[in-house]
Ligand SMILES: O=c1ccn([C@@H]2O[C@H](COP(=O)(O)O)[C@@H](O)[C@H]2O)c(=O)[nH]1
């Protein structure tokens, strides 16, 4: 399930249908990047689309952010494991029982199972957004709290912003994986993201994998945009 050279960039295939998504995938090299399938594309194109990417030798991060009662969430991650994806995620705010159930269910798959990752605080959210849903912690504090809960439940890592990466590597240890969206090269639009960092800053801070969507997919030349990011991070 995991390629040996461990590409750090995960391209978010946020497209309205499989046609433009495959057009881009067919120009990408699975030795240089992984691919993320999220809610829009999965809802439109489903498991067959994921299988098509895997047949092209891509590792797939199935970013469906399951958040449900333990029985439902754990059955959903089992379905993701059956599909053969490289990584799957749940919301840490689904709580301890939900994450433990997901861990337990995935462990029945033995060695070749997806990485199980918990979403902490969405990178589009800042302190005011958290206050709006009744959370008075800063994003940084809330991310640490949910990351600790996820690690205690045996999860493999978290989705967080790169702004929290340095602190989390100290708190949770080097092996706890940090998957960071909200990556913006200096010239890229921030869009709806709030907690952002450049690719090189993110890797320096301790991100294990950079999730990058629009700065690549909406670029006039997506391949050139990806190459520029590779060049930036290779210069580290
Ligand atoms: O906290 C989160 C969790 C997931 N995402 C997803 O990552 C990509 C980011 O895309 P950009 O176009 O680079 O902003 C997108 O698919 C989100 O659903 C996130 O941004 N933040």
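Highest mean packing first, where packing is the average number of other Cβ atoms within 10 Å per residue, the peptides 84-96, 170-182 line up as 84-96, 170-182.
Pick out which of 74, 161, 18 has the largest mean-square fluctuation in a Gaussian network model of the chain, springs linking Cα atoms closer than 10 Å. For the chain, modelled as a Gaussian network with Cα springs under 10 Å, the answer is 18. Summary of packing: across the peptides 20-30, 60-70, the per-residue average of other C-beta atoms within 10 Å ranks them, highest first, as 60-70, 20-30.
Based on the Cα coordinates of the chain, what is the per residue volume of their convex hull in Å³? Don't jump to the answer; show the numbers that get you there.
Values: hull volume 28.3 nm³, N = 236.
Expressed per residue, the convex hull around the Cα atoms of the chain is 120 Å³.
Highest mean packing comes first when the peptides 111-117, 145-151 are listed by Cβ atoms within 10 Å, giving 145-151, 111-117.
The antiparallel fraction among DSSP beta bridges confined to segment 20-154 stands at about 0%.
Which value, in nm² and rounded to one decimal, describes the direction-averaged projected area of the C-alpha convex hull of segment 1-65?
Numbers: hull surface 16.0 nm².
Approximately 4.0 nm², given one-decimal rounding.
Calculated FRET efficiency, residue 27 to residue 6, Cβ-Cβ distance, R0 = 22 Å: about 0.55 to the nearest 0.05.
Taking only the C-alpha atoms, wrap a convex hull around segment 116-236 and report its volume per residue in Å³ as a whole number.
Measuring per residue, one finds 102 Å³ for the Cα hull of segment 116-236.
Taking a ≥ b ≥ c as the square roots of the Cα gyration tensor eigenvalues, with a/c under 1.5 meaning rounded and otherwise prolate when a/b beats b/c, else oblate, which class fits segment 32-119? Because a/c hits 1.5 or more and a/b exceeds b/c, segment 32-119 counts as prolate. Going from the residue with the fewest nearby Cβ atoms within 10 Å to the one with the most, 197, 125 rank 125, 197. For the chain, the relative contact order comes to 17 percent (Cα pairs under 8 Å, sequence separation of at least 6). If you find the alpha carbon centre of segment 159-190 and of segment 6-48, how far apart are they in angstrom? Cα centroid to Cα centroid, the span is 21 Å. Subtracting the Cα-Cα distance of residue 192 and residue 219 from 0.36 nm times their residue separation leaves 8.1 nm of extension gain.
Every number in this text was worked out from the coordinates using simple rules, so none of it is lab data. Predicted model, so just to flag it, every value in this text is computed and none were measured. Ideal geometry is used to build each Cβ from the backbone, glycine not excepted, and the neighbour counts take in all protein chains shown.
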